[in-house]
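Chemist: Please find one structure pasted underneath; my questions will follow.
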Amino acid sequence: MKIIIVGAGIGGLTAHLVCKRAGFEVEHYEREPRLGPAGAGIVLWSNGVKILLTLGLGELLERIGHRLEHVVTRTKDGVTLTETPVGDFERRLGAPVYPVSRTDLQALLVDAVGADNLHLGANCVRVEQNASSATAYFADGRTATGDVVVGADGAHSVIRGAIVGDVAPRYAGIANWVGIVPNDGLQPEHTGYEYLGEGKRCGLLPIAGERVYFGFNCAMKHGSPVPEGGRRRQLRELFGDWPAPIPAILERFAEPELKYLEIHDLPPLARWSHGRVTLLGDAAHATAPTMGQGGCQAMEDAILLARSLGSTSLGVADGLARYEAKRKERAEMIVAASRRKAEALLAEDPKVYSEAYAAIRSSSITESMQAQQELLEAGPFG
């Protein structure tokens, strides 16, 4: 079986690896002429780490990962709301939680795939299929024909249009400012911090190489222009009076090192597949980052796509139907839960976000850990 993959993000690269290891022929195309990750960092929860361990990438992941043992949630006044011992998931589930640099993770996956096996600068403009094959067409005149075309081409997927028509991503009403700075005493190793207040959020996670991955979030109007003085000054005005180490973080980076992202997700799609064409990752279920599951869910797609195609004798359409049946409900549940969490924590209405903070303060650590464990162990490897 020959698989054509369009898109070389985390999901597309993982799909390449698992499809090759399943014995499929793979051709892989990416729109950008040079690979560069969106965002700055990512949390690999145990369900995602298990997939990389299964692919034999455990030692390499350990070099770029940085075990997370605790997450402390505090108010903007520095009052602790809760402390979650996320390091316990390694004992419970068999795999740790790793915050990593997206650049490092992408490099790990590209090395595993082989950079020479990626066709860059290939902008897919349409896909067509018949009873025996599917073909991706690119803006420069190239074509790629296989038994299956996998659209891993992101939230603004071209291939999604061939399956469900024009379904546009929804603006979630929030923006993220993200980046990475040196951890020169800013915070303890292996402990992440989340600060909440006034419908705003700051997350700080230590990553390998003595660095801190930061993310600031709050409600913003769609298409908000760069303000006078730049995004860095904007952050200072929004978060400059928050507790240490936040003011120090705001002094550690230059304007070009800061990425500003308007967050979109997707409504539930009528279907993920049509004939020999299917979707994977953000193309199928783009999500707000509030549950930290976007990348992990794309990797779950990859594993179950290869498994479903390789374990049926009834042909491609049957394999894709089984893939969708295994993945669609879970992925869309996570999209919906992530949106609800964002709407509560990052609400502009003080009553809404105050109720969300009160719920965190009164929550049981045992119950919260159990709920998170159930979410993680519902992945392909338990």
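Chemist: Let me see the pair-distance distribution of the range 119-166: every alpha carbon pair, 10 Å bin width, integer percents in order.
Modeler: 26, 58, 15
Chemist: In straight Cα distance, which lysines are under 20 Å from Lys259, not counting same-chain residues fewer than 8 positions off?
Modeler: Answer for Lys259, where 20 Å is the Cα cut-off: Lys200, Lys221, listed by chain and number.
Chemist: For volume of the Cα convex hull per residue in Å³, the listed values are [x] 134; [y] 126; [z] 208; which was obtained by calculation from the structure presented?
Modeler: Label [x] holds the value from this structure.
Chemist: By counting other Cβ atoms within 10 Å of each Cβ, how are Met220, Met299, Met369 ranked from fewest to most? Don't skip to the end; give the middle numbers.
Modeler: Values: Met220 19, Met299 29, Met369 16.
In order of increasing Cβ crowding within 10 Å: Met369, Met220, Met299.
Chemist: Follow-up question, since we're still on this one. Counting Lys and Arg as +1 and Asp and Glu as -1, each charge on the Cβ, what is the dipole of the chain about the Cα centre in debye, to the nearest 20?
Modeler: In debye, rounded to 20, the chain gives about 480.
Chemist: Given the pairs Lys50/Lys326; Lys50/Lys341; Lys20/Lys341; Lys50/Lys76; Lys76/Lys351, which are separated by over 28 angstrom at their Cα positions? All intermediate terms of the calculation are to be shown ahead of the outcome.
Modeler: Working: Lys50/Lys326 18 Å; Lys50/Lys341 25 Å; Lys20/Lys341 37 Å; Lys50/Lys76 35 Å; Lys76/Lys351 16 Å.
Check vs 28 Å cut-off fails for Lys20/Lys341; Lys50/Lys76.
Chemist: What three numbers, in Å, describe the spread of the alpha carbons of the range 211-367 along their principal axes, ordered from the longest?
Modeler: Principal-axis extents of the Cα atoms in the range 211-367, largest first: 62, 40, 31 Å.
Chemist: Find the centroid of the Cα atoms in the range 317-380 and in the range 149-180, then give the distance between the two in whole Å.
Modeler: The range 317-380 and the range 149-180 have Cα centres separated by 19 Å.
Chemist: Using a cut-off of 16 Å between alpha-carbon atoms, which aspartates and glutamates can reach Lys328, once sequence neighbours fewer than 8 places away in the same chain are excluded?
Modeler: Asp265, Asp282, Glu300, Asp301, Asp318
FYI, it's all coordinate maths here, none of it is from the lab. Everything quoted here is computed from the prediction, not taken from an experiment. Note: ideal-geometry Cβ built from the backbone for every residue, glycine included; neighbour counts use all protein chains shown.
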